[in-house]
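Below: the structure, in structure tokens.
The values are calculated or read from the model by the stated rules, or taken from the named source; none is laboratory data. Computed from a predicted model, the values in this text were never measured in an experiment. Note: ideal-geometry Cβ built from the backbone for every residue, glycine included; neighbour counts use all protein chains shown. What goes into the accessible areas is simple: the full protein's heavy atoms, side chains included, and nothing from ligands, DNA or RNA. Shrake-Rupley method; radii C 1.70, N 1.55, O 1.52, S 1.80 Å.
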Amino acid sequence: MNRTRQTVVATLIAGSALLGVAACSDSDGNDTTAAAKASPASATSSNAAAPAASTAENSPQAADGPAVAQLKGGNGIGGQVHSVQRKDGMVMVKFEVTNRSDENYLTVDWRDGTEVYTLAGSSIVDRAHKKRYMALVDTNGRCLCSEHTASIDKGQTRQLYAQFEAPSNDVKQVDLALGTLSVVTVPIQEG
């Protein structure tokens, strides 16, 4: 299957998933999913350019501490969130993803609109204030997150990260959506 066809198929699958999520509600008619809680009208434009940074703190290579949440994906993909830390107006999420399947996992739907595979489409959702914060980008338009995630080889565990604008200080937990992994509710640690 050529790259264009893969992109179209991934886009159609993602669009179908979003429609399914948007249609979810409980018996009282209240939304029950994080994606539905943060309607586009109330979403913030947190993809505003952030200054480029190249310190080790902004490009972590290892997860910190015990897991605060388990991530689930299809095809033998899973992982753990190790930290969600608020510091200097940003939230840094450190996590790992493991491929437990018998074949390499292609992250074709983790692209950022270019040929670069990143976590740019990831977000955190503040349910209390009904705001969604997308992964930050620097002044060159590059995601402040792990890049070159095109494939996770069979049996491999990848240490990944993403940075977001921090919600207000009264917010103590957020819903976290990373790539195509399950949405999880995680506590925010103060840094």
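Taking amide H positions as placed in the peptide plane 1.01 Å from N, state which residues far from Ala166 in sequence (5 or more) or on other chains have amide H under 5 Å from it.
Those qualifying (amide H under 5 Å, at least 5 residues apart or on another chain) are Met90, Val91.
Taking amide H positions as placed in the peptide plane 1.01 Å from N, state which residues far from Leu160 in sequence (5 or more) or on other chains have amide H under 5 Å from it.
Phe95, Glu96, Val97
Roughly speaking, what is the stretch gain from Asn169 to Thr139, that is 0.36 nm per residue apart minus the C-alpha to C-alpha distance, in nm to one decimal?
Roughly 8.2 nm would be gained on extension.
Can you give the direction-averaged projected area of the convex hull of the alpha-carbon atoms in region 128-191, in nm²?
Values: hull surface 23.7 nm².
Answer in nm², one decimal: 5.9.
Distance in nm between label sites at Asp102 and Lys154, each 7 Å beyond Cα in the beta-carbon direction?
Between Asp102 and Lys154, the simple spin-label model gives 0.7 nm.
In what sequence, largest accessible area first, do Leu106, Leu71 appear using a 1.4 Å probe? Don't skip to the end; give the middle numbers.
Numbers: Leu106 105, Leu71 5 Å².
Ranked list, largest accessible area first: Leu106, Leu71.
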